[in-house]
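The values are calculated or read from the model by the stated rules, or taken from the named source; none is laboratory data. The model shown is predicted, which means the values in this text are computed figures rather than measured ones. Methodologically, a virtual Cβ is constructed for each residue, glycine included, from the backbone with ideal geometry; neighbour enumeration extends over all protein chains shown.
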């Protein structure tokens, strides 16, 4: 197999990698650098370290909101490709696909778009009036690229069927994990004890978790649902519970709202989210907007955590990976969602399937990515 020399174009802040989407990008190139030469050309707001001295990081690009200004850096990108003998350009998301196409014209390189969502649909869900214009561009650039790497098999299938994308140039590249097996029950108990002691909770208290980038519309909407739909239903019962909410970039308005609810323990950004995945009983995912794989569910499964999710929120997670760990509730059926939380009982024998840890392992994911273009 020919060794890859990769230049990745990244149009927004991913370093330092704090949340799921950022970790997805940073961890992929960290793993890829074990067998490939990797250079990252990133937006200016990024740091230039990844904890891996093998990766060269240059933070000179304008971000995608003013991406057209990167026309001034065409020569610089071409020079990087020729100097480092790059044979593959990977563009993270479709935003800079046009830039990759221009640079490819001046070089003998493969062009790959790594698609974490169908962005035009995400913009539609965010109620951006121009989403349909972006869809024209997104469809065009996906057709022009030599290869497409999808994070979700459902997104891949949709593009093939509806946009006429050639199946032969499509591959699903999952969001990966570093652990090769689930944490033990003893580990989970230790983490739960830590959270109970920190917040003075007793053993009878059911601990639920929701986390994500909290200014992202699907997650903000999920917080709204927790407050207006789920908590009022739970409080009509005698359920003893707390809902931990973790994540960064929350607005001052939403933070003020959350701290008013004694049923919610708002932790904000936490340096070790695995403590909360291991230490809480069940992850709740009342997300009904967006597409692509929800990285929070991958992290929950990696920590052998049970999940209650709206159907849309679990798209992209195949049942062979979830086993009996995910309980799906129809979108907007908050009565049954709340009832599932009330009825929830953890079963020690209910474990994340072994195949999950094989297929979601970063080393195996990178191998699959490399094989898809060789």
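With respect to (1) crowded, with 22+ Cβ neighbours inside 10 Å; (2) part of a helix (DSSP H, G or I); (3) in contact with a strand residue (DSSP E or B) (Cβ under 8 Å, 6 or more places away or on another chain), the lone exception for residue 308 is condition (2). Can you confirm whether the stretch 240-247 contains a residue that is surrounded by 15 or more Cβ atoms within 10 Å (Cβ to Cβ), under 26 Å from the mean Cα position of the chain (by Cα), part of a loop (DSSP other than H, G, I, E, B) and not assigned by TED's automatic domain parsing to the domain that holds residue 14? Checked the stretch 240-247: at least one residue is surrounded by 15 or more Cβ atoms within 10 Å (Cβ to Cβ), under 26 Å from the mean Cα position of the chain (by Cα), part of a loop (DSSP other than H, G, I, E, B) and not assigned by TED's automatic domain parsing to the domain that holds residue 14. Only residues that are at pLDDT 95 or above and either assigned to a strand (DSSP E or B) or surrounded by fewer than 23 Cβ atoms within 10 Å (Cβ to Cβ) (or both) were counted across the stretch 279-297, and they come to 5.
With respect to (1) farther than 23 Å from residue 298 by Cβ; (2) part of a loop (DSSP other than H, G, I, E, B); (3) in contact with a helix residue (DSSP H, G or I) (Cβ under 7 Å, 6 or more places away or on another chain), the lone exception for residue 39 is condition (2). When each of 235, 272 is tested for being surrounded by fewer than 18 Cβ atoms within 10 Å (Cβ to Cβ), in the same structural domain as residue 335 (by TED's automatic domain parsing) and touching a residue at least 24 places away in the same chain (Cβ under 8 Å), the lone residue that passes is 235. Does at least one position in the stretch 347-356 carry a residue that is under 25 Å from residue 231 (Cα atoms) and within 22 Å of the chain's Cα centre (by Cα)? No: zero hits. The residue that is surrounded by the most Cβ atoms within 10 Å (Cβ to Cβ), among those in the stretch 151-180 that are within 16 Å of residue 303 (Cα to Cα) and modelled with pLDDT of 90 or more, is 175. Check the stretch 333-341 and report whether any residue there is at negative phi, part of a loop (DSSP other than H, G, I, E, B), out of contact with any strand residue (DSSP E or B) (no Cβ under 6 Å at 6 or more places or on another chain) and surrounded by fewer than 16 Cβ atoms within 10 Å (Cβ to Cβ). There is at least one residue in the stretch 333-341 that is at negative phi, part of a loop (DSSP other than H, G, I, E, B), out of contact with any strand residue (DSSP E or B) (no Cβ under 6 Å at 6 or more places or on another chain) and surrounded by fewer than 16 Cβ atoms within 10 Å (Cβ to Cβ).
Checking the structure you have, find out if any residue of the stretch 5-21 is in contact (Cβ under 8 Å) with a residue 40 or more places away in the chain, under 30 Å from residue 276 (Cα atoms) and in a helix (DSSP H, G or I). Within the stretch 5-21 (the criterion being in contact (Cβ under 8 Å) with a residue 40 or more places away in the chain, under 30 Å from residue 276 (Cα atoms) and in a helix (DSSP H, G or I)), the answer is yes, since at least one residue qualifies. Number of residues in the stretch 311-324 that are outside any loop (DSSP other than H, G, I, E, B) and over 15 Å from residue 177 (Cβ atoms) equals 5.
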